[in-house]
């Protein structure tokens, strides 16, 4: 009887194994060739080169598209689509000479008409591109001949080239963009960059393939890039160690430090023009009182935060501008850790017993945001300020932050950061602090308004004389710092990690990371 | 036979109708304005008016319900208020992934759990049985997300054998499927054992033995066959838990399934996605329960034409 | 049989001991915990167990893991009690009425129960949190709602049995009011099965609470909830694995204890149970 009984069990096992074994490709990792896999933290909202930029989009733009000019790793302007440029003696007209014979991925020639069509699209009020404010000083665009294009401004504009090197000035294929509506183009983008779009599976991967007709094609042996959104830092780190990922664009400093000891990996700790801090709505009590903001600055032990959460990858902020942004100047007025002083300032402001407030904490946008916020809350508690932390998903947070003007905004305070993607003070200051840029127009989302500051920012914008610009921006930094318009805490570096075999990755001081020139060593 | 089928089918349909009603009403039971839930809590009054118009929120509830049902039946789950895109394709892409995760977990639980239970019953009250049953209670008590983290810690981090995130290859599926299955596996092993032990004491098995069948033959042929119907019920009931486990496991392993989609949607208060996700999952659970009922016909000789 | 008897009693005793310890920890948290669970010390962050006076190490903010786990027992207990209470308060009367009155009420209630039971607990939780937003009472509701039909069904079943017994029909014939019959005669018979179900529901509630908190849909920082602690610890998995280990052990041990106790109770109340697991 024994033999008859066994098959029942055996069959179950066999069927189980069959079911288990059924499935796509088993076993060993496939040969990679020169495909590289890059771990990123979030899926980009859109791949439309003109859309509002998130860092995750910029990263993709850098490969799908070219701009007229770009940055190198020192933050200098270098040619991309434009090979030469000049500015007229009155400082109003910028003329660019375009690269000959370059084509978009769909075959459309990259010529002056195509570039002009791009700016027309960007400026079209029916299109939802809020970053057009970056280019609003451009009053006229002329396609002089097939490869020459001229931009005319109404006033001299000092940061013209920096602005055109911004990812939002990416040049998209005008034929492809005209064929699709403005929402679907962001899903199926066509550009002229060194890689073309192949596939986007939301939340899983974006795959780009080499554009062989690109002028950089000879320089690099990378034939395919896969960007993989992985929200969790630890998981990205493990991916690097197991070789699933060749590069991770951002990773928690603790992880980066640990990965540094792995002989196969390289840690990139390079300047990045990003500043982080607390962002109070200055139209609301108690933040409307400058003494309250100064008190917070004294109540926070910034050095402890930097040492604990960002060791080696950040430094305590000493100006509203991060080092590396023109013209950064460290401030002499200091807001050192001094809880007693903070309490005095609060008492002077009429809050001897402190107060309660809510702070938004976006998840997955900034390194260690939640931990830093909890630490800040504990420090502020010691001077009587009770912070209720409202942790929220970054998408919801952005919408809350972006879409409302000073009257309707529900912002009390948030943990916040700003990266200067042009390396120039105009971007760092005008967008964030000028009264004209109150949300929802742009990015003055805590509604600070100061006519002297507006004047200085305007003067910096409308001058092409570096000395004059420097003077205006240095004064602007003093005002902002004294007013503690944000409670600035630290400036932070790139903390990226890559496989040693991957070379010539570019990490720009403007925050952007790209693989346009990258190669894999065999 | 036919009558039995029709009755079960009718019950399943009734449950589905009740379910759609619950899912539909949940949006309207929520405090505040359903339009605000759809449009996001930062929409302006003008935007809300557009939303009410577009989603027919000015209609009486029964009309709205009928319209919504008709749209869902066509596969139109509405538009995500975040990013203004139809959510049908997103759900349809994520759904098979979650389904294979949950079903994979179920298969592993059945394939390992039942034999383990049988073996434990055969060695009743011996050290093996006690070890297996002890581990089973422990396995049932471990939260799935903790199991998932521990497996990552061991197999990805320490040993480097398996990938810790993503989906698509067999290797990617091993850790998540194991995590999802553990609790059900433990429960099935326990159930199988206790059923088998009990059945072995029953008359018909004794009779069979008396008729001269050797110990093992009796054991498998009669006991296991009689244990299958209650086991099938449990398997059906477990599916809900497996799906719940899959929701969490997807988050741990960064698997782009429906659970991760829904959790993100909750964070965004993107209600149409939550609604669509719940409906899809619930439909599968109901369908499986229906299949379990049908399986009685095959498995249990006593249930016929009733 | 000796083996069996030994292990049976042992596991029940073990479960009871764990549950008593859990309750005692929750009650005496301020006495037992070495420090304030929210007190930070950034200079001593991510310490491994045993170092700098942190018995179970410290987290990323230099908070004492042991103290956080000890205080976490209060959160788990509170959520467990509140949500099971929620399920009882709504489920028991519903089941009593359905079982006693029968007919239309009965079939409507039981159909509705089928629907809720068909849905995964966690999914119900997600829907409730999605509509009502994150918070303690939402969490209680999110976890308690799936228990309503479970209790209702159980009570209905027992009520149906008891209602047909002679002494109940006799009481009814003598003109006792329905409510009196329900509470005098029927309810006492429900205590046994209900106690067993409450234990299992507690275990499920604590697990679900951990799951929802792990997904970021449960408690808010800096509440030391075990599932939330695990979610926070993920980032530091490599550098501080103790942050993953201990809160998970706490959660698993407590649930294990409750399950063991539940098994023992079930056998005490119903010696010939037919493997009807939770």
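Where helices (runs of 4 or more DSSP H) sit wholly within segment C:76-162, those with at least 3 residues that are in contact (Cβ under 8 Å) with a residue 40 or more places away in the chain and away from chain B (no Cβ under 14 Å) occupy C:136-144.
Checking each residue in segment B:230-266 for being within 13 Å of chain A (Cβ to nearest Cβ), in a helix (DSSP H, G or I) and under 18 Å from residue C:230 (Cβ atoms) picks out B:250, B:251, B:252, B:259, B:260, B:263. For residue A:51, the criteria (1) under 30 Å from residue A:499 (Cβ atoms); (2) out of contact with any helix residue (DSSP H, G or I) (no Cβ under 6 Å at 6 or more places or on another chain); (3) buried (at least 21 other Cβ atoms within 10 Å of the Cβ) hold in every case but one, which is (1).
Among all positions in segment B:145-154, there is no residue which is touching a strand residue (DSSP E or B) at 6+ places or on another chain (Cβ under 9 Å), within 14 Å of chain A (Cβ to nearest Cβ) and farther than 16 Å from residue B:188 by Cα.
Listed residues B:128, B:150; which is more than 28 Å from residue B:278 (Cβ to Cβ) and at pLDDT 90 or above?
Result: B:150 is the single residue among B:128, B:150 that is more than 28 Å from residue B:278 (Cβ to Cβ) and at pLDDT 90 or above.
In segment B:157-183, the residue that is nearest to the chain's Cα centre (by Cα) out of those that are crowded, with 24+ Cβ neighbours inside 10 Å and at the interface with chain C (Cβ under 10 Å from one of its Cβ atoms) is B:183.
Within segment A:238-249, does at least one residue satisfy the condition of being surrounded by fewer than 22 Cβ atoms within 10 Å (Cβ to Cβ) and more than 14 Å from chain B (Cβ to nearest Cβ)? Within segment A:238-249, none of the residues are surrounded by fewer than 22 Cβ atoms within 10 Å (Cβ to Cβ) and more than 14 Å from chain B (Cβ to nearest Cβ).
Residue-level check: of (1) within 14 Å of chain B (Cβ to nearest Cβ); (2) part of a helix (DSSP H, G or I); (3) crowded, with 20+ Cβ neighbours inside 10 Å, residue A:342 misses just (1).
Just one of the listed residues (C:252, C:209, C:205) is over 24 Å from residue A:390 (Cα atoms), modelled with pLDDT of 90 or more, within 11 Å of chain B (Cβ to nearest Cβ) and out of contact with any strand residue (DSSP E or B) (no Cβ under 8 Å at 6 or more places or on another chain), namely C:252. Taking first residues from segment C:33-47 that are at positive phi and partners that are assigned to a loop (DSSP other than H, G, I, E, B), the Cβ contacts under 9 Å between residues at least 6 apart in sequence or on separate chains come to C:46/C:57; C:46/C:59; C:46/C:60; C:46/C:62; C:46/C:239; C:46/C:240.
Residue check: residue C:36 meets all listed conditions (1) surrounded by fewer than 16 Cβ atoms within 10 Å (Cβ to Cβ); (2) assigned to a loop (DSSP other than H, G, I, E, B); (3) away from chain A (no Cβ under 14 Å) but one, namely (3). Count of segment A:132-180 residues, restricted to those that are under 21 Å from residue A:110 (Cα atoms) and not in a helix (DSSP H, G or I), is 21. Looking at A:449, A:463, just one residue is buried (at least 18 other Cβ atoms within 10 Å of the Cβ) and either in contact with a helix residue (DSSP H, G or I) (Cβ under 6 Å, 6 or more places away or on another chain) or in a loop (DSSP other than H, G, I, E, B) (or both), and that residue is A:463. Would you mind finding the one in A:330, A:362 that is closer than 24 Å to residue A:431 by Cβ, touching a residue at least 12 places away in the same chain (Cβ under 8 Å) and in a loop (DSSP other than H, G, I, E, B)? Going through A:330, A:362 in turn, the sole match is A:330. Scanning segment A:207-231 for residues that are touching a strand residue (DSSP E or B) at 6+ places or on another chain (Cβ under 7 Å) and either under 22 Å from residue A:118 (Cβ atoms) or away from chain B (no Cβ under 14 Å) (or both) yields A:208, A:209, A:210, A:211, A:213, A:217, A:220, A:221, A:222, A:223, A:224, A:225. Of the helices (runs of 4 or more DSSP H) that lie entirely inside segment B:1-82, those containing 2 or more residues that are at pLDDT 80 or above and either touching a strand residue (DSSP E or B) at 6+ places or on another chain (Cβ under 6 Å) or more than 13 Å from chain C (Cβ to nearest Cβ) (or both) span B:2-29, B:61-73.
Annotation: of all residues in segment B:268-279 being in a helix (DSSP H, G or I) and buried (at least 24 other Cβ atoms within 10 Å of the Cβ), the one that is nearest to the other protein chains (Cβ to nearest Cβ) is B:274.
The residue that is farthest from the other protein chains (Cβ to nearest Cβ), counting only those in segment A:255-271 that are closer than 19 Å to residue B:164 by Cα and touching a helix residue (DSSP H, G or I) at 6+ places or on another chain (Cβ under 7 Å), is A:265.
In this structure, does residue C:62 turn out to be within 12 Å of another protein chain (Cβ to nearest Cβ) and either within 24 Å of residue C:37 (Cα to Cα) or not in a helix (DSSP H, G or I) (or both)?
yes
The test for being buried (at least 20 other Cβ atoms within 10 Å of the Cβ), within 14 Å of chain B (Cβ to nearest Cβ) and outside any loop (DSSP other than H, G, I, E, B) holds for residue A:400.
In segment C:221-241, the qualifying residues are those that are more than 7 Å from every other protein chain (Cβ to nearest Cβ) and not in a helix (DSSP H, G or I), and the one that is nearest to the chain's Cα centre (by Cα) is C:225. Between B:194, B:295, the distinction of being over 30 Å from residue B:51 (Cα atoms), away from chain A (no Cβ under 14 Å) and modelled with pLDDT of 80 or more belongs to B:194 only. Here residue A:184 passes the criteria (1) without any contact (Cβ under 8 Å) to a residue 12 or more places away in the chain; (2) part of a loop (DSSP other than H, G, I, E, B) except the one numbered (2).
Can you find, within segment C:130-156, the residue that is nearest to residue B:243 (Cα to Cα) among those that are modelled with pLDDT under 85 and touching a helix residue (DSSP H, G or I) at 6+ places or on another chain (Cβ under 8 Å)?
The residue in question is C:130.
You will find that of A:379, A:413, A:392, the residue that is crowded, with 19+ Cβ neighbours inside 10 Å, more than 10 Å from every other protein chain (Cβ to nearest Cβ) and under 26 Å from residue C:222 (Cβ atoms) is A:413 and no other.
Within segment B:151-162, the set of residues being in contact with a helix residue (DSSP H, G or I) (Cβ under 7 Å, 6 or more places away or on another chain), at negative phi and free of Cβ contacts under 8 Å to residues at least 12 places away in the same chain comprises B:153, B:157, B:161.
The values are calculated or read from the model by the stated rules, or taken from the named source; none is laboratory data. Since the structure is predicted, the reported quantities are computational estimates derived from the model, not experimental observations. When we count neighbours, we look across all protein chains shown, and the Cβ atoms used for this are built from the backbone with ideal geometry, even at glycine.
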